[in-house]
Amino acid sequence: MPIFIHSLLFDNKRVGKSPYLCGILQSISLILSLAFSFEEGGLYWDLRYVPLVLAFLYGGPISGGMVLFAYLATRTLMGGDLLLGYASGFLATIIPFIFMKKFWKLDSKKRIRTAVFVGFWPSFAMLMILVIHIFTNDAPAEDTNKIMLNVAIFGAIQVFAVWVAAILNESLIEKALMRQEILRAEKLNTLGELAASIAHEIRNPLTVVKGFLQMMHKQEKGDNYYYLSLVLTELGRAESIINDYLNFAKPQFEKLEDAQLAEIITEVTLLLEAFAAKVNVQVNVQLNWGVFVQTDRNQLKQALVNIIKNAIEATEEGGEVTISQTSSGSESYIKITDTGKGMDSEQIARLGTLFYTTKDKGTGLGTSVSIKIIEAMGGMISYRSELGVGTEVTIILPSFRHFPADEGNEIKMNNEI
Ligand code: ADP
Ligand code: MG
């Protein structure tokens with residue numbers, strides 16, 4: 001209940017916690033736990049240490065302190081063997097208190113494990129205190145057995161409760177983080193669109209300026225000739241940067257045509273052949289001629305170059321990259337398999353995030369651009385990868401088959417490059 005209420009009150013505003021709210025809620029559950037405890041053999045059995053552990057680990061010193069105080073106060077009001085009550089309260093606090101600082105440096109899975117480990121401690125402390133209690137009070141053996149059984153049962157329930165609560169807490173934290181990430185992405189998206197429209201507006205005057213400068217350049221004979229050459233190259237650079245950005249923001253399909261997939265793949269592999277040879281990676285190609293897609297050839301080539309280049313870059317010397325193209329019905333499949341270093345599931349999940357790169361000189365744009373282009377073509381792309389084994393990229397594109405009567409003689413038989 002404290003975890004749910006806390007997330008209800010805090011969820012929409014920000015990730016993170018109010019230690020006071022956490023302290024109050026966990027204190028309430030501790031007080032209720034004490035008030036409705038189960039009595040046997042003159043001892044009270046309940047889950048009082050669960051809120052204590054959770055408050056220290058997830059809420060920090062303030063909420064932990066509040067819960068400890070609530071415990072001591074309630075225990076005093078209840079009366080009974082106060083010394084035993086105080087001692088077990090302080091003893092149970094020690095381990096959660098020690099782990100509290102390190103706790104947030106761990107990742108989510110390790111936090112759950114730590115919480116369970118810390119959850120064991122109060123039961124253990126309880127056992128020790130009871131053993132001392134039994135010996136000093138000379139309890140009959142029958143009672144001792146009963147007490148031990150209760151320690152075992154309640155200890156197990158406590159650990160289980162801490163485990164469940166930790167999982168719950170972690171999933172709520174993850175959800176809050178995800179929401180934040182979505183908001184951030186949304187903002188970036190808007191910014192991106194704005195930047196694209198500005199870039200577009202800048203391109204037009206730039207073209208005009210460039211045109212007139214080119215005219216002046218032709219007529220100029222004096223000193224300015226050299227300066228104008230410089231100005232023109234720099235203008236060209238500015239133009240190509242703007243075009244690259246615009247292309248990323250919104251792939252321009254300038255000239256739609258029926259392009260033969262096998263031909264495009266051949267051109268791309270020829271383009272990358274030298275690059276692959278330099279790092280000693282063998283590129284195998286299996287093609288299926290006669291299948292066409294309707295697209296802007298340059299865009300599709302760009303998408304394939306980015307993906308195949310990544311595959312080659314991930315592969316060690318002597319490795320292989322295989323590109324196979326098949327089709328069935330109205331769909332074509334291009335599989336790009338490498339024997340490279342692979343990715344774990346976390347890395348795969350980050351693919352397509354702008355500027356995500358693990359390379360020193362990487363830009364983290366390639367995969368994002370490829371995904372955008374393929375999706376704009378109505379296609380799909382998926383990654384399957386295993387660390388140390390390799391990666392398989394599957395691209396599915398809408399395609400059709402036709403055998404042009406006149407151009408048929410151009411079909412090449414050599415499928416291996
Ligand atoms: P860049 O190549 O500039 O790093 P990309 O967007 O092309 O940017 O790729 C992002 C990251 O995805 C790479 O840095 C790499 O870690 C990972 N990656 C992409 N393709 C593969 C692959 N085939 N095998 C292993 N890792 C890959
Ligand atoms: Mg790349």
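The values are calculated or read from the model by the stated rules, or taken from the named source; none is laboratory data. Predicted, not measured: the structure shown is a model, and the values here were computed from it. Methodologically, a virtual Cβ is constructed for each residue, glycine included, from the backbone with ideal geometry; neighbour enumeration extends over all protein chains shown. With ligands, DNA and RNA removed, areas are computed over all heavy atoms of the protein, side chains included. Shrake-Rupley method; radii C 1.70, N 1.55, O 1.52, S 1.80 Å.
Is it true that SER7 is out of contact with any strand residue (DSSP E or B) (no Cβ under 7 Å at 6 or more places or on another chain) and at pLDDT 90 or above? Don't jump to the end; show me each part of the working.
Working: out of contact with any strand residue (DSSP E or B) (no Cβ under 7 Å at 6 or more places or on another chain): yes; at pLDDT 90 or above: no.
Criteria not met by SER7.
What do you reckon, is VAL231 touching a strand residue (DSSP E or B) at 6+ places or on another chain (Cβ under 6 Å), among the aliphatic types (A, V, I, L, M) and farther than 24 Å from LYS361 by Cα? Before you say what the answer is, go through the steps one by one.
Working: touching a strand residue (DSSP E or B) at 6+ places or on another chain (Cβ under 6 Å): no; among the aliphatic types (A, V, I, L, M): yes; farther than 24 Å from LYS361 by Cα: yes.
No, not satisfied.
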Note to self: Considering only region 349-360, I want to know if a residue exists there that is over 20 Å from ALA276 (Cβ atoms), near ligand 1 (Cβ under 8 Å from one of its atoms) and part of a helix (DSSP H, G or I).
What the structure shows: yes
Next item on the list: Those residues that are at positive phi, open to solvent by 60 Å² or more (accessible area, probe 1.4 Å) and either at pLDDT below 90 or within 17 Å of the chain's Cα centre (by Cα) (or both), I need them from region 342-388; list them, please.
Entry: PHE355
Notebook entry, point to check: Out of all the residues in region 250-270, is one or more farther than 20 Å from LEU397 by Cα, buried (at least 19 other Cβ atoms within 10 Å of the Cβ) and either touching a residue at least 24 places away in the same chain (Cβ under 8 Å) or assigned by TED's automatic domain parsing to the domain that holds SER385 (or both)?
Noted result: no
Next item on the list: Inspect all residues belonging to region 374-388 and state whether any of them is touching an Asp or Glu at 6+ places or on another chain (Cβ under 7 Å) and away from ligand 2 (no atom under 16 Å from the Cβ).
Entry: yes
Note to self: Can you tell me how many residues within region 132-161 are part of a helix (DSSP H, G or I), of a type outside the set (Phe, Trp, Tyr) and open to solvent by less than 50 Å² (accessible area, probe 1.4 Å)?
What the structure shows: 10
Item checked: Unmet criterion (only one of (1) open to solvent by 60 Å² or more (accessible area, probe 1.4 Å); (2) closer than 19 Å to PRO19 by Cα) for LEU68 -> (1)
Check: Any residue at all in region 162-180 that is among the polar types (S, T, N, Q), open to solvent by 30 Å² or more (accessible area, probe 1.4 Å) and either in the same structural domain as PRO51 (by TED's automatic domain parsing) or on the phi < 0 side of the Ramachandran plot (or both)?
Finding: yes
Notebook entry, point to check: Taking region 198-245 only, how many residues are closer than 27 Å to GLN302 by Cβ and either touching a His at 6+ places or on another chain (Cβ under 7 Å) or outside any helix (DSSP H, G or I) (or both)?
Noted result: 1
Item checked: Inter-residue pairs, beta-carbon under 6 Å, first part of a helix (DSSP H, G or I) and in region 22-39, second of a type in the set (S, T, N, Q) and surrounded by 24 or more Cβ atoms within 10 Å (Cβ to Cβ), 6+ apart -> CYS22/SER63; GLY23/SER63
Margin query: Looking at region 316-327, can you tell me whether even one residue there is assigned to a strand (DSSP E or B), within 11 Å of ligand 1 (Cβ to nearest atom) and surrounded by 20 or more Cβ atoms within 10 Å (Cβ to Cβ)?
Written below: yes
